[in-house]
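J.: My questions will all concern the structure given below.
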Amino acid sequence: MHERFDICFFYDIILYEGDFKMLMQKPTEEMINEWKEIYNQNKDKLQPNKKDGNEIVNYLESHYTVKEILNDNFEKAVIDNIKLNDFYANKLNKNLNNNPIVRLFKLENVGNNRVLYYKQDKEFKGVDIIVGIELKTSYIQVEGSSLLYDELVAYTGLDEDDLKNYFLVAQYIKCKGK
């Protein structure tokens, strides 16, 4: 059974990467304090700028060689990460039709994508880079590349609800700084 959180992070399911490095443990008080400090330093400087899911897909397709894929397990992981997290579940429930719409992509090790494969974290070496994007919530999930995850977080931006979430603000600020 997975724990639910009222802020946006998981420690026992899949992803939050970048400087947060696959947060697969319960966050420490020190980590949370750091996120809150970054939030407090930046919250009044930020405005809503969140891209919709289709804009994120277009960005990904225009910057990388991607192949849309069908993968029931990864799609279920994306949907579960949304539904098991009250923060994202509430975003999905704001839609009249709250059924998630997920698009999945694989990045082959060619062209611009090679940099992502070359710079993979050691825990990802040899793993395909795949991306899941939920179109209604703009939720993104990346497996295999913390660099791409950080880039997409920075591109995606934050909405009004996100701006009240210290984890998401801290994550966005760190990703924008890369």
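J.: Test Lys76 against the criterion of being out of contact with any strand residue (DSSP E or B) (no Cβ under 6 Å at 6 or more places or on another chain), farther than 20 Å from Glu151 by Cα, at pLDDT 90 or above and open to solvent by 90 Å² or more (accessible area, probe 1.4 Å), and give yes or no. First the steps, then the outcome.
T.: Working: out of contact with any strand residue (DSSP E or B) (no Cβ under 6 Å at 6 or more places or on another chain): yes; farther than 20 Å from Glu151 by Cα: yes; at pLDDT 90 or above: yes; open to solvent by 90 Å² or more (accessible area, probe 1.4 Å): yes.
Against the criterion (out of contact with any strand residue (DSSP E or B) (no Cβ under 6 Å at 6 or more places or on another chain), farther than 20 Å from Glu151 by Cα, at pLDDT 90 or above and open to solvent by 90 Å² or more (accessible area, probe 1.4 Å)), Lys76 qualifies.
J.: Somewhere in the range 88-98, is a residue hydrophobic (A, V, I, L, M, F, W, C) and modelled with pLDDT of 90 or more?
T.: So far as the range 88-98 goes, no, none of its residues is hydrophobic (A, V, I, L, M, F, W, C) and modelled with pLDDT of 90 or more.
J.: Does the range 137-156 include one or more residues that are free of Cβ contacts under 8 Å to residues at least 12 places away in the same chain and assigned to a helix (DSSP H, G or I)?
T.: No: the range 137-156 contains no residue that is free of Cβ contacts under 8 Å to residues at least 12 places away in the same chain and assigned to a helix (DSSP H, G or I).
J.: Going through the range 109-123 one residue at a time, which ones are part of a loop (DSSP other than H, G, I, E, B) and either open to solvent by less than 70 Å² (accessible area, probe 1.4 Å) or among the aliphatic types (A, V, I, L, M) (or both)?
T.: Val110, Gly111, Gln120, Asp121
J.: Further, regarding this structure: Please go through the range 89-123 and give me each residue that is without any contact (Cβ under 8 Å) to a residue 40 or more places away in the chain, of a type in the set (Lys, Arg) and under 14 Å from Tyr64 (Cα atoms), ordered by number.
T.: Arg114 - this is the single residue of the range 89-123 that is without any contact (Cβ under 8 Å) to a residue 40 or more places away in the chain, of a type in the set (Lys, Arg) and under 14 Å from Tyr64 (Cα atoms).
J.: Here are some conditions: (1) surrounded by fewer than 21 Cβ atoms within 10 Å (Cβ to Cβ); (2) modelled with pLDDT of 95 or more; (3) under 19 Å from Tyr64 (Cα atoms). Gly157 meets all but one. Which one does it not meet?
T.: Result: Gly157 passes all but (3).
J.: Next question. Tell me the residue from Lys67, Lys50, Lys106 that is touching a Leu at 6+ places or on another chain (Cβ under 6 Å), at pLDDT 95 or above and not in a helix (DSSP H, G or I), please.
T.: Lys50
J.: Filtering the range 23-47 down to residues that are open to solvent by 70 Å² or more (accessible area, probe 1.4 Å) and in a loop (DSSP other than H, G, I, E, B), which residue is farthest from Glu143 (Cα to Cα)?
T.: Gln47
The values are calculated or read from the model by the stated rules, or taken from the named source; none is laboratory data. No experiment lies behind these values; they were computed from the predicted model shown. Note: ideal-geometry Cβ built from the backbone for every residue, glycine included; neighbour counts use all protein chains shown. Surface areas here come from the heavy atoms of the whole protein model, side chains and all, with no ligands, DNA or RNA. Shrake-Rupley method; radii C 1.70, N 1.55, O 1.52, S 1.80 Å.
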